[in-house]
Amino acid sequence: NEARQRHVAASERAKECATLHQNQVSERAEQESVVSSKTATLNQCKSDFEQVNIAHRNANRERARMEGNLKMTVTKLQRA
């Protein structure tokens, strides 16, 4: 009788553990999905930032070029 009670208790504990394990697996899958989504968002933000950064550098180069041209034009006008 005692062995049967221990067996029943162990069986119940095994079922509880199996349920707990399944819940943890499900939670982990949800967390991995969130991480994957956030990683994709982060990568898109990095890409967008890099594009803006490149455009900013190009605009600065163009501004510097235009300033140089303007200075040359002013110098030529002053000499004329």
> Yes or no: residue 14 on the phi < 0 side of the Ramachandran plot, exposed (fewer than 10 other Cβ atoms within 10 Å of the Cβ), in a helix (DSSP H, G or I) and more than 20 Å from the chain's Cα centre (by Cα)?
Replying inline: no
> When you look at residue 3, is it among the small types (Gly, Ala, Ser), surrounded by 10 or more Cβ atoms within 10 Å (Cβ to Cβ) and in a helix (DSSP H, G or I), yes or no?
Replying inline: no
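A short reminder: the numbers here are calculations on the coordinates, not readings from a lab. Because the structure is a prediction, the values reported are computed rather than measured. Cβ atoms come from the backbone with ideal geometry, glycine included; neighbour counts cover every protein chain shown.
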